[in-house]
Amino acid sequence: MKPEHQDLVLQACGACSLCVGTKIQTLWSGYGEIVRLQLQGCERPSVVVKHVKFPQDAEHPGGWNTDRSHTRKVRSYQVETHWYQNYSTNQSCRTPACLAARSYGDEMLIVLEDLDVAGYDQRRTSVKDREIKACLSWLAHFHALFLGVEPDGLWPVGTYWHLETRPDELEAMDHPELKAAAGDIDKILNECRFKTIVHGDAKLANFCFSQSGWDVAAVDFQYVGGGCGMKDVVYFLGSCMEEKQCEKRVPGLLDYYFSELKQSVTKDVDFAALEMEWREMFVYAWTDFHRFLLGWMPGHWKINHYSKQLTKEVLRKLKL
């Protein structure tokens, strides 16, 4: 770690020294890494640092190494930095505190609270019912908190698969009917009456769990922005359940999400109208992500019978 990077961490935490600990993960397409730093001489035993370094030659696992892809990633880290510096949540939708953030030319550093120390030290690759509900509760409280809030400094339209940012994937898609309808689906989602700020990448891997599994915190806010809350919900459910589970469990889990949303909305909102609209948006949001996958990685495991059925339903609606 460069001396100026160390100085930023030491000053932000009031520490006298630090030691680079474990590498938590490499960032997507080789754009840097996330590491844990051990601290001495301060109250915090450790912090997590997201160290972004724009590569000369990015290695995308899907082969999407384009100038547009690079520009989108650079913007995503700028958005994430702005998010951590200018927005805050509460205990019901916990996120790590940002202790410092700075840009150094083609490098960026975000110094974050270590959620492991805060009690969110569990990661899951598969989940039980209580853990699914904990994540849906997090999303409901997050969406309620930012209901009607303008996404200043964030993506105008959140989610990493937003159509306007993915023209190459749309062009590559081998589904003429859905390709033709993609713009209409995007417009329907963007013009919904009730908008919030969406996490934008609310997959299971971006949630950190407590030992019990009842409490969660979320990380990775590169694609946070405006939109319909259903985008986060469908992406999360699709990240942790296979098609037969979706067919069986989605209705009940949607009911749970809306019950949590209703309890957490404190603004003067016609909740019945909100719930009616977002339930209608569910199939459009799921189809919108399905559209992205078909162009980005047509062999992806999430392209299944359940997704195809919802897409057929949306295409029928658009013909009416």
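Quick notes on this structure:
- Every pair of residues 6+ apart whose Cβ atoms lie under 9 Å, when the first sits in the stretch 177-198 and is free of Cβ contacts under 8 Å to residues at least 40 places away in the same chain while the second is open to solvent by less than 20 Å² (accessible area, probe 1.4 Å) and part of a strand (DSSP E or B): ASN190/GLY226; ASN190/GLY227
- For the stretch 123-153, a residue qualifies if it is more than 27 Å from ALA273 (Cβ to Cβ) and either touching a helix residue (DSSP H, G or I) at 6+ places or on another chain (Cβ under 9 Å) or of a type in the set (Phe, Trp, Tyr) (or both), and the qualifying residues are ARG123, ARG124, THR125, SER126, VAL127, ASP129, GLU131, GLY153.
- Wholly enclosed strands (runs of 3 or more DSSP E) of the stretch 2-61 bearing at least 3 residues farther than 21 Å from THR81 by Cβ: 17-26, 32-40
- None of ALA134, ALA144 is at pLDDT 95 or above, within 19 Å of ASN206 (Cα to Cα) and among the small types (Gly, Ala, Ser) except ALA134.
- If you go through the stretch 221-251 and keep only what is of a type in the set (A, V, I, L, M, F, W, C) and open to solvent by 10 Å² or more (accessible area, probe 1.4 Å), you end up with just CYS240.
- Selection status of GLY148, open to solvent by 40 Å² or more (accessible area, probe 1.4 Å) and not charged (D, E, K, R): yes
- Pairs with Cβ under 6 Å, 6+ apart, first in the stretch 160-174 and farther than 19 Å from LYS203 by Cα, second open to solvent by 40 Å² or more (accessible area, probe 1.4 Å) and of a type outside the set (Phe, Trp, Tyr): MET173/LYS179
- In the set (1) without any contact (Cβ under 8 Å) to a residue 12 or more places away in the chain; (2) β-branched (Val, Ile, Thr); (3) within 21 Å of GLY153 (Cβ to Cβ), the condition left unmet by THR95 is number (1).
- Filtered by the rule that a residue be assigned to a loop (DSSP other than H, G, I, E, B) and aromatic (Phe, Trp, Tyr), the stretch 112-142 gives a lone residue, TYR120.
- Boolean, ALA218 is among the hydrophobic types (A, V, I, L, M, F, W, C) and surrounded by 16 or more Cβ atoms within 10 Å (Cβ to Cβ): yes
- Some residue of the stretch 262-273 being surrounded by 17 or more Cβ atoms within 10 Å (Cβ to Cβ) and under 16 Å from GLU131 (Cβ atoms): no
- The set of residues in the stretch 11-32 being open to solvent by less than 60 Å² (accessible area, probe 1.4 Å) and either of a type in the set (Asp, Glu) or within 29 Å of the chain's Cα centre (by Cα) (or both) consists of ALA12, CYS13, GLY21, LEU27, SER29, GLY30, TYR31, GLY32.
- Checked against (1) open to solvent by less than 40 Å² (accessible area, probe 1.4 Å); (2) farther than 21 Å from GLY32 by Cα; (3) more than 16 Å from the chain's Cα centre (by Cα), GLN122 passes all but condition (1).
- Counting only strands (runs of 3 or more DSSP E) wholly contained in the stretch 167-256, the ones carrying 2 or more residues that are aliphatic (A, V, I, L, M) and at negative phi occupy 196-198, 216-218.
- For beta carbons closer than 7 Å, sequence separation of 6+ or different chains, a first residue in the stretch 122-147 that is closer than 15 Å to ALA217 by Cβ and a second that is among the basic types (Lys, Arg) and open to solvent by 10 Å² or more (accessible area, probe 1.4 Å), the qualifying pairs are GLU131/ARG124.
- Residue in the stretch 258-311 that is farthest from MET241 (Cα to Cα), counting only those that are among the hydroxyl-bearing types (Ser, Thr, Tyr) and not in a loop (DSSP other than H, G, I, E, B): SER264
- A single member of ARG94, ARG102 is open to solvent by 20 Å² or more (accessible area, probe 1.4 Å), more than 30 Å from GLU171 (Cα to Cα) and over 21 Å from the mean Cα position of the chain (by Cα), and it is ARG102.
- Single residue of THR89, THR71 found to be assigned to a loop (DSSP other than H, G, I, E, B) and either open to solvent by 20 Å² or more (accessible area, probe 1.4 Å) or free of Cβ contacts under 8 Å to residues at least 60 places away in the same chain (or both): THR89
The values are calculated or read from the model by the stated rules, or taken from the named source; none is laboratory data. Worth saying up front: this structure is predicted, and the values here are computed from it rather than measured. As a convention, Cβ positions derive from the backbone with ideal geometry for all residues, glycine included, and neighbour counts pool all protein chains shown. For the accessible areas, the whole protein counts, side chains as well, though only heavy atoms, and no ligand, DNA or RNA atoms are used. Shrake-Rupley method; radii C 1.70, N 1.55, O 1.52, S 1.80 Å.
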